[in-house]
1. So residue 167 fits all but one of (1) surrounded by fewer than 16 Cβ atoms within 10 Å (Cβ to Cβ); (2) of a type in the set (Val, Ile, Thr); (3) over 23 Å from residue 102 (Cα atoms); what number is the exception?
2. Cβ-Cβ distance below 7 Å, separation of 6 or more or different chains: which pairs start in the stretch 53-75 with a residue that is over 12 Å from residue 86 (Cα atoms) and end on one that is in a loop (DSSP other than H, G, I, E, B) and of a type in the set (A, V, I, L, M)?
3. Restricting to the stretch 10-44, and then to whatever is in a helix (DSSP H, G or I) and at pLDDT 80 or above, can you tell me which residue is farthest from residue 176 (Cα to Cα)?
4. May I ask you to list pairs of residues, at least six apart or on different chains, whose Cβ atoms are under 9 Å apart, with the first in the stretch 110-125 being among the small types (Gly, Ala, Ser) and in a strand (DSSP E or B) and the second being surrounded by 12 or more Cβ atoms within 10 Å (Cβ to Cβ) and modelled with pLDDT of 75 or more?
5. From the residues in the stretch 66-98 that are farther than 17 Å from residue 170 by Cβ and crowded, with 16+ Cβ neighbours inside 10 Å, which one is modelled with the lowest pLDDT?
Amino acid sequence: MSPIRSLAAQVLALAACCLLLSACSSNSQITHSYVDPKLKELDLHGVLVVAVTKQPAARIDFEDSFVKALQKHDINAVASHTLVPGQKAEAEQMLAAAQKAGVDTILVTRYIGKSNEEVYHPGRVYYGVTPVYGGSYYGGFGGYYAHAYEVAYQQPVWTSNVTHSVISDLYVASTKAHLWQAVSDTVQAGDTDQLRNDAIKSLIGNLKEQGLIN
């Protein structure tokens, strides 16, 4: 392979790698977080996971997914729908369910809403330069500069980002004290399952950052 083609291939490979890394980055970010510094020192064991939604299937899916994510961190997590079925559960029912399950905290997550944002992505040109063999191989700067060549061009585009927001609150079941809160904003980059999992991942990350789980 000629030096020019070899360099072009390397540039294209680098561009593809950058795109891949961008695609693998998280689509969620925590925009607000609070933890009670006194309550977080309590020796707590177990959590009842509650998803507040009007759709029964969505509640089950979210609670089950959050429970599995917490269990990976050795947390005794229980989905509320296994103890309190139906969509209109009162607060006292959840407190009773937590006691029945033998857990001492209640994690409540609810959907806030969505927003749309138009984002401009400028075009980008990938250039290559033929290698220089010796200081005067191309007869100085002018000759060298002329041997830069365009490898690839990415057209500028406008995209519409849809961001979904959820808020999670953690309470101590015995006292109803507010232990932790976080708001997660997730840019929709796939189906509903990916959206849910991205949000849960960011919330789990904040629980770790705040020292509430390992």
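The values are calculated or read from the model by the stated rules, or taken from the named source; none is laboratory data. Not measured: the values here are computed from a predicted model. When we count neighbours, we look across all protein chains shown, and the Cβ atoms used for this are built from the backbone with ideal geometry, even at glycine.
1. (1)
2. Once the first residue is over 12 Å from residue 86 (Cα atoms) and sits in the stretch 53-75, its partners that are in a loop (DSSP other than H, G, I, E, B) and of a type in the set (A, V, I, L, M) give 73/213; 75/213.
3. So, considering only residues that are in a helix (DSSP H, G or I) and at pLDDT 80 or above, the one farthest from residue 176 (Cα to Cα) is 41.
4. Close Cβ pairs satisfying both conditions: 113/164; 113/165; 115/161; 115/162; 115/163; 115/164; 115/165; 115/185.
5. The qualifying residue modelled with the lowest pLDDT is 89.
Conditions tested, residue by residue: (1) touching a strand residue (DSSP E or B) at 6+ places or on another chain (Cβ under 9 Å); (2) aromatic (Phe, Trp, Tyr); (3) in a helix (DSSP H, G or I).
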| position | (1), (2), (3) |
| --- | --- |
| 58 | yes, no, yes |
| 66 | yes, yes, yes |
| 69 | yes, no, yes |
| 78 | yes, no, no |
| 81 | yes, no, yes |
| 84 | yes, no, no |
